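The structure appears below as structure tokens.
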Amino acid sequence: MDARSILRTFVLSALPLIAGLTALPARASVAALPTFTGVARSVSPSVVNISITGEVKPAASQGPADPFFDRYFGGQGGTRKARSLGSGFVLTPDGYIATNAHVVAQAGKVTVRLANKKEYPAKVIGVDEKTDVALIKIEPKEPLQPATLGDSNGLEVGEWVMAIGSPFGLEQTVTVGVVSAKARVLGAGPYDDFIQTDAAINPGNSGGPLVDGEGRVVGINTAISSRSGGNEGVGFAIPVALARSILDQLRESGKVERGWLGVGIQDVTPELASSLDLGDATGALVANVSPEGPAARAGLERGDVIVEFAGKTVTESHQLPALVAESRIGSTAHLTVLRSGERRTLDVTIASLPEEPERRVSARDGSDDGAEWGFAVADITPQLARGRGLARDRGVVVTDVAPDGPAAEAGIQPGDIVREVDRSPVETSADLRKALQSRKKDNVLLLVQRGEATSFQVLKRS
């Protein structure tokens, strides 16, 4: 067979295969990524750059601690020269602007630069450092374009979002990512409920808007988690559902009034649930009850676990402060608590949150009564109580903590006061020694006071 015949035979045999390929259904089209030009075009006119001039004193609290920051300073010492700050977005046509508290708190002269490059001096109407929200005001010559506020509660993990601001002073910078997580607790304050996003957020973005795919503001960009100081894909925004009520109160009165229950709470860990015979590790464990507070008057006790507040389920302790804070002062809330394995309902009248300074103590000399558990203590004598500003002259104060011991692993620190061991009061170091020596299990439950707050801690024998 010659070469021509071989080629003809091959082509004829391949025709059915070629025909089959052409008959295959067309591949389903891959969904195209969304375009964000329309969102950027609609929101950018509402985004502003905020800067200050003059000497300022660093705020005692600049929102979440390092490396969450947005300040650029020159000079040294207690007073420094500020060169540039963050971002904000317009709330009303007449010049109210939202931003972060750490952007403008304790600032000198505040200047707002609009998207059209016009600049105006701004007045700080009010700041709320507990949520890192602030409200400022300018007097524009013409009406401004306000941003549209959205519904942060309706956000879903994986949803597209856009951040707009002035990272490193680069105004009107747009970055895009997704909602990485919701209800993040960073330890920045009692009302942590952050939206986490991988949209690039850098120093200078603070106070700018995080917007959804419809161009509605769902958060206020406020923090980054970074080892380098720049974006590493882990940014955080204050949900607009939380910020909205704060901004309304700041506009009305320049300050925020919150409901107060009068309890110190903590998470119910599996270890605590086991030590307290609670069953499920859910709810908010009451570690302290203010003697004259609403909770005390309602009959709440240390060791109770709050599982419902005003008809809303409490599964984690961080949910409760926000629910209480949003409650109307003087209103009555129904609490459902677990006490000794039984469910009880208590009625509590919400009071106004007082401002109370926190006191801390420390001591250096002590006994090794807790050595097996990795800490040493000393009796609180009347002299030590007076010297440390303590309200009581009985109890034991932690004087030393072994770096790798059970106490250190539980977070015990020098200066903490041990109030109880396994729910039994401790008045002296002898009480502590006796309680620990009689402990047969491999864990011990301590009630620890730090400043004005108390918490339960489980120590595990090493």
* **Enumerated strands (runs of 3 or more DSSP E) restricted to region 200-273, each holding at least 1 residues that are at pLDDT 90 or above and over 17 Å from the mean Cα position of the chain (by Cα)** => 209-211, 217-224
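Do the conditions hold for Val348, that is, is it under 21 Å from Ser455 (Cα atoms) and either modelled with pLDDT of 80 or more or touching a Phe, Trp or Tyr at 6+ places or on another chain (Cβ under 6 Å) (or both)? Show your work before the answer.
Numbers: under 21 Å from Ser455 (Cα atoms): no; either modelled with pLDDT of 80 or more or touching a Phe, Trp or Tyr at 6+ places or on another chain (Cβ under 6 Å) (or both): yes.
Taking the combined requirement at face value, the residue does not satisfy it.
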* Search region 118-137 for residues that are without any contact (Cβ under 8 Å) to a residue 12 or more places away in the chain and pair each with any residue that is assigned to a strand (DSSP E or B) when their beta-carbon atoms are under 8 Å apart and the residues are at least 6 apart or on different chains. => Glu119/Thr111; Glu119/Val112; Glu119/Arg113
* Taking region 214-241 on its own, how many of its residues are surrounded by fewer than 24 Cβ atoms within 10 Å (Cβ to Cβ), at negative phi and touching a helix residue (DSSP H, G or I) at 6+ places or on another chain (Cβ under 7 Å)? -> 2
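Scan region 360-369 and give yes if some residue there is closer than 21 Å to Glu301 by Cα, at pLDDT below 85 and not basic (Lys, Arg), otherwise no.
Going residue by residue through region 360-369, those that are closer than 21 Å to Glu301 by Cα are none.
There is no residue in region 360-369 that is closer than 21 Å to Glu301 by Cα, at pLDDT below 85 and not basic (Lys, Arg).
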* List the pairs whose first member sits in region 286-306 and is under 13 Å from Arg344 (Cβ atoms), whose second member is among the charged types (D, E, K, R) and crowded, with 21+ Cβ neighbours inside 10 Å, and whose Cβ atoms are under 6 Å apart, counting only residues at least 6 apart or on separate chains? -> Val286/Asp304
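Could you count how many residues in region 122-137 are in contact with a Ser or Thr (Cβ under 6 Å, 6 or more places away or on another chain) and either modelled with pLDDT of 95 or more or not acidic (Asp, Glu) (or both)?
Taking region 122-137 as the starting set, the residues that turn out to be in contact with a Ser or Thr (Cβ under 6 Å, 6 or more places away or on another chain) are 129, 132, 134.
Those left that are additionally either modelled with pLDDT of 95 or more or not acidic (Asp, Glu) (or both): 134.
Total satisfying the criteria: 1.
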* **So Thr35, is it assigned to a loop (DSSP other than H, G, I, E, B), β-branched (Val, Ile, Thr) and at pLDDT below 90** => yes
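The values are calculated or read from the model by the stated rules, or taken from the named source; none is laboratory data. Keep in mind that this is a model prediction, so the values were computed, not measured. Note that each Cβ is placed from the backbone with ideal geometry, even for glycine, and that neighbours are counted across all protein chains shown.
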